[in-house]
Structures are given as C-alpha cells and as structure tokens.
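Right, one structure below, let's go through it.
The values are calculated or read from the model by the stated rules, or taken from the named source; none is laboratory data. Not measured: the values here are computed from a predicted model. Here the Cβ positions follow ideal geometry from the backbone for every residue, glycine too, while neighbour counts run over all protein chains shown. Surface areas here come from the heavy atoms of the whole protein model, side chains and all, with no ligands, DNA or RNA. Shrake-Rupley method; radii C 1.70, N 1.55, O 1.52, S 1.80 Å.
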Amino acid sequence: KKRKKNLKKRQKRKNQKKRKKNLKKRQKRKNQRQKKENEAEKEAWGRGRSFKEGGFQVKKPRKIPFRMCVGCQEKKNKRDLVRIVRTPEGDITLDTSGKKAGRGAYICPRQECLETAVKKKRLEKSLQQPLTPRVLQELKGSLGCHE
C-alpha cells in the first residue's frame with residue numbers, strides 16, 4: 001500500500017511540474033509575440049508611418065487644437081476662433097495669423113461674444129490689461145469685417 005501511495009504522489013508531482021513547465025513556455029511565447037508586435041508598432045509610430053494591424057493600415061491620428069472662447073466659454077477648433085493679442089509694447093490688436101508675439105485670448109468672430117467678454121471683464125482678465133474705449137471700437141470694427 002505504501003508503495004502505491006508514494007508512486008501516486010510522485011506521479012502527481014511529476015504531472016504538476018509538467019503543467020507548470022508547459023504553462024511557463026506558453027507564457028514566454030506569448031510575451032515574445034507581444035514584444036515583437038509592440039516593437040513593430042513603436043517603430044512605425046516613431047517614424048511617423050503606418051503599420052499593418054489585422055490587414056488594415058492604421059495611421060496616427062492628428063491632434064486638433066481646441067481653444068475656449070472668452071465670450072461664450074465654448075471650446076471650439078482653434079481655426080474657427082479669432083485671437084486678440086496684447087503685444088509686449090502694450091498694444092491690443094487682432095491677430096489674424098495666430099502667431100503674433102504676446103499674450104492672447106481667443107474669441108468667436110461674433111459681436112455677441114465680444115460684448116459678453118467685455119461686459120463680464122473676461123477679456124481684460126485674460127489679457128491682464130484694462131481695455132480703453134478706443135481699443136474696443138477698433139476690435140468691434142475689425143471683428144465686424146472678420147465675420
């Protein structure tokens with residue numbers, strides 16, 4: 001009886017070791033496969049190229065810049081908004097290119113947005129400078145042309 005019990009125990013241990021060994025092998029192969037896929041993906045992204053995934057070409061999505069309108073407080077595409085800039089000299093102007101140096105604030109090209117931004121003093125806060133009536137007239141005139 002003792003021999004039979006010992007034999008069964010040995011066989012059980014042997015089977016457990018085999019299962020563990022096989023499991024480790026499977027995990028190792030899986031990890032190697034994933035590592036290769038990740039490296040190929042990273043390489044493709046790094047070069048700015050596309051890579052094939054399941055037969056389809058997947059390209060890196062381009063980031064669209066969003067800005068918040070100072071008047072209506074809505075997030076919109078940067079190109080849909082107009083930039084108002086306070087230059088280092090202290091002048092406040094409308095920036096059509098979006099690249100002028102200075103502190104900027106984005107606003108919708110509508111009169112209502114400009115009026116609410118001025119009324120609630122959001123434009124002054126974002127530009128960190130008080131607005132004069134002359135500057136307001138210039139902005140209203142240029143925004144009217146920009147619609």
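Quick notes on this structure:
- Just one residue in the set Lys99, Lys140, Lys76 is modelled with pLDDT under 90 and within 22 Å of Pro65 (Cβ to Cβ); that residue is Lys99.
- Selection of region 117-137 for residues being open to solvent by 50 Å² or more (accessible area, probe 1.4 Å) and either within 13 Å of Met68 (Cβ to Cβ) or assigned to a helix (DSSP H, G or I) (or both) yields Lys119, Arg122, Glu124, Lys125, Pro133, Arg134, Gln137.
- Test: Pro109 is in contact with an Asp or Glu (Cβ under 6 Å, 6 or more places away or on another chain) and more than 16 Å from Cys72 (Cα to Cα): no
- Residue pairs whose Cβ atoms lie under 7 Å apart, separated by 6 or more positions or on different chains, with the first residue in region 74-98 and under 13 Å from Pro109 (Cβ atoms) and the second small (Gly, Ala, Ser), are Arg83/Gly98; Arg83/Gly104; Ile84/Gly104; Ile84/Ala105; Leu94/Ser142; Asp95/Gly104.
- Residues of region 87-110 that are in a strand (DSSP E or B) and closer than 20 Å to Gly144 by Cα: Ile92, Thr93, Leu94, Asp95, Gly104, Ala105, Tyr106, Ile107.
- Of everything in region 59-100 that is closer than 18 Å to Cys113 by Cα and among the basic types (Lys, Arg), the residue that is most open to solvent (accessible area, probe 1.4 Å) is Arg79.
- Taken as a whole, the structure leaves Cys108 outside the set of residues that are of a type outside the set (Phe, Trp, Tyr), surrounded by 17 or more Cβ atoms within 10 Å (Cβ to Cβ) and touching a residue at least 40 places away in the same chain (Cβ under 8 Å).
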